[in-house]
Each structure stands twice: as structure tokens, then as C-alpha cells.
Amino acid sequence: MWLRNDLRMADNTALYRAAKSCDALAVVFIACPNTWASHGDGDNVVAMRLRSLRQLQATLQKKNIPLYFLEVPTFGDVHAALAQIAQKLQIDALFANAEYPVNELARDHSVKSALGKLGVTVEYFTDRTLIPPGSLTTGSGDGFKVFTPFKRAFISAHSNSGEAFGSLPTPRTQPADHLSQWPEWIALDGEHNLVRSIPDTLTGYGVAAGGEGRVLDWPVGAVAGARTLKKFADIIDDYEEWRDFPARENTSRLSPYLNCGAVSVRQCVQLAVAHNDGRWDGPSKGATVWLSEILWREFYQHLVVNFPRVCRNKPFKPETEAVPWSDRAEDFERWCAGQTGVPIVDAAMRQLNQTGWMHNRLRMVVASFLTKNLLTDWRKGEQYFMQQLVDADFAANNGGWQWAASTGTDAAPYFRVFNPYSQSKRFDPEGAFIRAYIPELAEVSDRDIHCPPQDLFSDHSYPPPICDVTESRKIAIEAFANLKK
Ligand SMILES: Cc1cc2nc3c(=O)[nH]c(=O)nc-3n(C[C@H](O)[C@H](O)[C@H](O)COP(=O)(O)OP(=O)(O)OC[C@H]3O[C@@H](n4cnc5c(N)ncnc54)[C@H](O)[C@@H]3O)c2cc1C
């Protein structure tokens, strides 16, 4: 079994199928730091992956299943490494769960072909998504470009019958002497060997920052994921009403677990459907809306398969390639640092920088602010999020950025621009979230906290707003309107 972002033992399709089909099972994980870095994966998401992997190794050990680790520089090195491993360990079948961005698909194609030449069967399974990407199409056979019709089609095809997505049991325990039958390590060509120890970090990567509320404090693994899911079940009914209020912590915070695979998407659906009297749109409005968010995740995963140009640094809407993005480097730096002088934007960016996570409402606000008010290329924001997020996922991140920048699948026209001050008043009315991340504003009144008067900061402890939101909105709308001419 070749593990990737599916780091759990229960309800893991490929692992279950491998254990069922094979007399002797070993698991391998291959880290590719150069490719990961070129994809923008930062220290935080890599740390989450390595820590989760270590937990999983301990869990698998209890089932007498060995987990090997290998580092190779790039995806292009994986097929040769796996071919060597297959030969040295006398493997006759390889199982893995499918991944969908173009480079992952190319890597998996090369692996299948290289191992096929050695007589090793390679099978990839649908596991990261509820259904295979590409399998749900419009009447004319194309991939969906807009979320709402995708969601309608999905629900009508897969949930009218009340069918929930089942979950698979953990693989059976291998015989007691199984672990010792596999070598401790294997020498391979190249710089690294196949080993059983998992490092804290990889070539070119640092260790993520620890400390209160920081990335190294995220509890990892399937147990932590299951606990997070269970905790969310207690508040899921309130999700519809409170999910947009960042100070209330009413969302599930499952994204880091879903992305490294410590929790499966089927486990999420099961929980919500069970809570909803066995239906997708049952009596709990909270569960119904949450299932809709799970389908946003599904939609963006399908999008990268149906429209692979988004994996090539291209906008989903080709005409938006011509937007005259600004090259003011200082604007971008102030946005990254949470020093724009717009409190809700700064508090959100500081939440990201400190914890590796940001509330969804705020991801939309800061992305709209960067791409519309500061007219900065969405790709810069996308990249910065990949670097910082503990839940960084190409499909969701690219989808979210392009949606906010009006270069993507948003059905609303480009002149939807979030006003950060109205968003702040509406979703953080007392400024509790702002105060939690901007100590400089701790003493500012509830009334003034969203847009504090400048005379409060004669000591320059907090900067003046980086732009006039009304003026900058007009400029952005004009830039987009000109594209149509
Ligand atoms: C600019 C931008 C960038 C984003 N980057 C990422 C990213 O790198 N990784 C990531 O997982 N999500 C990303 N999202 C989506 C969303 O913000 C997060 O999934 C969500 O905030 C995670 O918190 P939660 O687990 O508490 O979500 P909940 O509200 O509890 O939702 C449950 C799950 O549904 C999925 N989900 C919810 N909203 C979305 C959405 N809009 N798009 C896709 N999936 C969604 C996530 O898997 C989430 O864990 C991004 C959104 C935007 C606007």
C-alpha cells in the first residue's frame, strides 16, 4: 500500500483492499520535498503530514503492519524508487488512493507503467472524494462549471434514496511474526534509503512553529480527527446560524484532518446524514448547510480533473488573464504581515500567520481585499496561503482564490467586492475576533474597532488604512469591465 494524503487506518479504501487481497502487507510513504516546494506546500502542512504519519505508523504497528518512509527529490523520481522497492521486497501488487491534480496524475501514470513492466499490478481507488471526479456531468456531458447545479445533480444522483456513504473497517491484524519478516531498512540508489523512521522535517523544509495555538499544537492523527468530528456533532445544529462568525468557533475545524486524510469525507457525510434523520436535507438546517460545504470541497476536487488548466497557474476564466494586476510589492507585504490598517483583514492574516488556519468567512474577506481593493494577482495570495496553511489543499485553495478574484467559478459577476468594514460589523459585531489578534486595538471601543479613527494612533502603533475601499473598488470594477470590451 502506497500512502499519500490518506493517513488513516479506518475507512481507507486502498488500505482495506490491500489488506483483503494480500497475504503479506507493507505500507510505504514517499516524501518529495522538491516537488512539494514547487507546489508551494509550506512548513506547516508538511509538519502536519509528517506528524500524522508518525501516529499512523504506531497504529499500524499494533496490527503488525510495517510502515516504511522514503524521501526522493521529485515526483519524477517516484516510479524508479517504487520499481526498486517492488523488486527488493518482491512485491506483486501496489494499492493507492487516487489524487487528481495534473502532476499527481502524471506521477501515478508513470508508476503504473514502470511497475507494469515488472509484472506488478497497480490499482488506484476513489477515496479522497465521494464519487470519482469526472463521473458527474451536465446534460451535454461536460464537467460542471458552477457549484449550485453540481450540488443539485450530486444530491439527486446520490442521496435521494437516503443512501449514506458507507465506511470500511480497519484492515485485519497480520500474524504476530509479520513485522519481523520485513527488513528494517533497504538500501536504494540515490541519496536516501527506505527506512522505518520518520523525520521531523525534510530537505529544504524547516520545522513548523510550536507554542500556544500554533501548528505544532494541532493534535494529529485519526483519534484527534475523530474527536474533532464528535465535538462538532454537538454544535452542528448551530452551524447555519453561526458559521460565519469567526469569534464563535462554530465551524468543525476538520480541514487539516480531511486534507492529510486522518478523517475521510465519508465519515463526515455519515455523521451529518445520521444527524439529519438519514437525509441530506433533513430537519437539521445546520447539518444540511454543512453537507453543502462538504460538496464545495467535492466540487473543487472535480474541477481540477474537468478543467486541468487551473493546475497550470491559469485562471479558470481565460479572459481574466488580461487583468492589469498591480505590482506594488509593499501592498502585498503589508497584507501578508497583517499591517493594512483594516482591522478585520489584519486580524485574519495574523490568525493565519500564528495558527496556520483561518476562518472561511475571513479567507473570503482577505482574498477579496487583496485581489480587488489592492488589485494584486490572486496567484500571489494563493501561494502565500499554501505556504502558511496547515490545511493547504491545491483544489480548495485554488478554487477559493479564483472564486474571490472573479477569475474562477463564482456565478456572481466581477463587481461583487466584499466591503471589509461591513463584513467586520456584521460578523464580528463587538470586535472580539479583532481584539484577539490585534492587541494594539484592545482598548478601542466596540463602535470604533472596525475602522478606528487615526488620532488614536499618534504613536503609530497601528497603521492608517492602506487604501480607500470605495475608490479601490471602483478601480477594480473598471479593470474587470474593460476586459469585456
Ligand atoms: C481563498 C480561500 C482559500 C481556501 N483554501 C483552502 C485550503 O487550502 N484548504 C481547505 O481545506 N480549504 C480551503 N478553503 C475553504 C474553507 O475556507 C476551509 O475549508 C474552511 O475554512 C475549513 O474550516 P472548517 O474545517 O472549520 O470548515 P467547515 O465549515 O466545518 O466545513 C467542513 C469542511 O467542508 C470543506 N469546505 C468548507 N468550505 C469549503 C470551501 N469554500 N471550499 C472547499 N471546501 C470547503 C472543508 O473540507 C471543511 O473542512 C479556502 C477558502 C477560500 C475562500
**Report entry** lysines with Cα under 30 Å of Lys20, excluding same-chain neighbours fewer than 8 positions away
**Finding:** Lys62, Lys63, Lys88, Lys112, Lys117, Lys230
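If you put +1 on each Lys and Arg Cβ and -1 on each Asp and Glu Cβ, how big is the dipole of the chain around its Cα centre, in Debye rounded to 20? Spell out each step's value before the answer.
Values: 51 positive and 56 negative charges, 233 e Å.
Approximately 1120 debye in magnitude.
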Query raised in the report: Gap in Å between the Cα centre of the range 96-143 and the Cα centre of the range 308-364?
Result: 31
**Report entry** Sorted largest first, extent of the range 165-260 alpha carbons per principal axis (Å)
**Finding:** 56, 37, 22
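Which helices, taking whole DSSP H runs in the chain, have alpha carbons extending 27 angstrom or more along the helix axis plus mean Kyte-Doolittle at least -1.0?
Details: long enough: 43-62 (29 Å, -0.37); 285-306 (31 Å, 0.11).
Helix filter hits for the chain: 43-62, 285-306.
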Query raised in the report: So what is the calculated 222 nm ellipticity per residue for the chain, using -39500 (n - 2.57) for each DSSP H run with n of 4 or more, over all residues, to the nearest 500 deg cm²/dmol?
Result: -13500 deg cm²/dmol
Query raised in the report: Ranked highest first by average number of other Cβ atoms within 10 Å, how do 123-130, 444-451 line up?
Result: 123-130, 444-451
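Leaving out ligands and nucleic acids, note down the accessible area per residue over the range 318-484 with a 1.4 angstrom probe, in whole Å².
Details: 6780 Å² over 167 residues.
Per residue, the range 318-484 has 41 Å² of solvent-accessible surface.
Would you please report the Å³ per residue occupied by the convex hull of the alpha carbon atoms in the chain?
On the way: hull volume 75.2 nm³, N = 485.
Dividing the Cα hull volume of the chain by its residue count gives 155 Å³.
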Query raised in the report: Sorted from largest down, what three extents in whole angstroms do the Cα atoms of the range 163-204 have along their principal axes?
Result: 48, 34, 20
Query raised in the report: Gap in Å between the Cα centre of the range 1-60 and the Cα centre of the range 248-264?
Result: 17
Report summary line: Note, Ser284: beta-carbon cut-off 12 Å, +1 each Lys/Arg, -1 each Asp/Glu, net -4
**Report entry** Fraction of accessible area attributable to carbon and sulfur, the chain (%, probe 1.4 Å)
**Finding:** 51
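The values are calculated or read from the model by the stated rules, or taken from the named source; none is laboratory data. Remember, predicted model here, so these are calculated numbers, not experimental data. Every residue, glycine as well, gets a Cβ built from its backbone with ideal geometry; the counts of neighbours run over all protein chains shown. The protein model used for the area step is the full one, side chains on, heavy atoms only, and it has no ligands, DNA or RNA in it. Shrake-Rupley method; radii C 1.70, N 1.55, O 1.52, S 1.80 Å.
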